[in-house]
Each structure stands twice: as C-alpha cells, then as structure tokens.
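I have placed the structure first, in the form of structure tokens, so that the comments after it can refer back to it.
Just so you know, all these numbers are worked out from the coordinates, no wet-lab data involved. Remember, predicted model here, so these are calculated numbers, not experimental data. We place every Cβ from the backbone using ideal geometry, glycine too, and count neighbours over all the protein chains shown.
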Amino acid sequence: MRAPDIVRLVYRNVVVNTDYGTLIILVGLPALYLVFFGYGFQSLAAGASHSYLDFLAPGIVSFQTVMAGVVGGSMLWADRRWGMLAQLLVGPFSRLQYLLGIMLTSVIFGFAGAGVMMVVAYLLTGTLEVTAAGGLVIVAAILVGSILFGSLMLFISALVKSNNAYNSIQVLIIFVVNFASTVFYSVSPDIPAPLRALFLVNPLTYLANIVRDGYMGRVAVGDLYQLLGVTAVMFVLLTLAVRSYMRSGVSFS
C-alpha cells in the first residue's frame, strides 16, 4: 500500500535535509552557541538566581524555529533553481500539497532541533524545570515559530530570483533576528532606542520569552498574550507566503 502523497513529500524533504553538512548548520551551530556563549558569558550572570546557561538554553531552543524556517525556504529555492518543483508538479503532487509538505517539514525540524537543544542544555546544566504547563507552552511556541519563520523564508524564496541575493538576504535575516532578540540577553533600558525598537518588533524576542518562562516553570498570563500576538503575525506571514508562492513560477527562466 502506497503512502499518502503528503507523507511521501515530507519524507523526501526530511531525507534531502539530513545530510551531514546541513545537520551541522541546523543543529551543530546552535549547540556551539549554547556551549561557547553559555560558558564564555557565565560571568555576566554572576550572583543571579539562575546561571547564564539557564538563561541562554531556552533562547537557543527558540532559535531552532528560525533554523527550521531556513529549511523550508531553502527547499523551495533549491527545487525551483534545479527544476525539481516542475518535475514534482508534473507527478501526482499539487502546488498546495507541495506547500503543505514544506511547512510540515519546517515544523518537524523545529521540534527536532528544539528537542536536541533541550537534551544538550540538560547535559550542560544538569537541571530541567519544565512543568506540564510549561511543556505545552514550549510546544505551542515552537509550532507557531516554525510556521512563522518558514512562511517568512518561503515568501522571500518565492520573490527573489538571484542566488547571491537570496543567500545574502537569508544570512542577514538570521543574523538580525537572532541577535536583535532576547535569545542571548534581555532588553535593557541602556540599549539605544532604535535598537530596542528592533527587539520589540522581532517575533523571536517573544518566542524566546515564552520558551524561557516555560523552561523555567514560570508560565503566566502574559506568555499567553505574547503567544497570541506571535500567532497573529504567523497568519499574516503565512498568507503572504501562500499568495507569493502560488503566483511564482515553478522554475527560473
């Protein structure tokens, strides 16, 4: 009995993105952030109730949603560039099935990466304070974040036709979204106003806050409001991504 088309698409996407080089970037780079930044910046949190590793670990977990989004955008870009999308659509797959396969792949990589980072964090800190409520909040944040950044990357890959331009935009987004967020540090009044504004409009800031509260067992009503706000942004980006993708060509001329 043949597997459903969407399952075959997702399986193909996962296999394509699990080569050693890709895994090093998707999992190895965040893990190195956690190890080197965690121990290197430990002195910054001296005397605090939690170590800097405890602060950083959930931030790196939330950052996996960005890396998962990169997988989705890169899949569409590569398939269009090498003509694979046209071949897939000639077969039994529809445009909508292909899009759904991409988004499900992003979600799978988001959860897989977050799970690996949770294990690495536990091995480094020896503690894990996640409660049942905290676990549910983390799962919701990873799900929403993976779709959000997957939609953002899909939107870009559907519009950009230059390989150099796509790679440059992708690297810039990863850098800005990552470091202009609360993944590595909290928002301080000492931060210049323009930079602080960038923190406050960055969805990863709120995802990191939500995951951190869930990770440390201190979920509050504010986290639910933040999650609702990020979910609204996700739907906006998903709508833009779907429209851009449906209007784009299947390959580059």
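A simple rule links phi to the HN-Hα coupling: the Karplus curve 6.51 cos²θ - 1.76 cosθ + 1.60 with θ = phi - 60°, which for the range 59-71 gives x, 5, 4, 5, 5, 4, 5, 5, 5, 5, x, 4, 4 Hz, with x for Gly and Pro.
Averaging the Cα positions of each part gives two centres, and for the range 23-40 and the range 128-194 these lie 16 Å apart.
The alpha carbons of the range 207-253 occupy a box of 52, 16, 8 Å along the principal axes, longest dimension given first.
Within the listed set 184, 175, 199, the Gaussian network model of the chain (springs between alpha-carbon atoms below 10 Å) gives the highest mean-square fluctuation for 175. From most to least packed by mean Cβ count within 10 Å, the peptides 103-111, 27-35 give 103-111, 27-35.
Along its principal axes, the chain has C-alpha extents of 61, 46, 34 angstrom, given from the largest down.
When each of the peptides 18-25, 84-91 is scored by the mean number of other C-beta atoms lying within 10 Å of its residues, the order from highest to lowest reads 84-91, 18-25.
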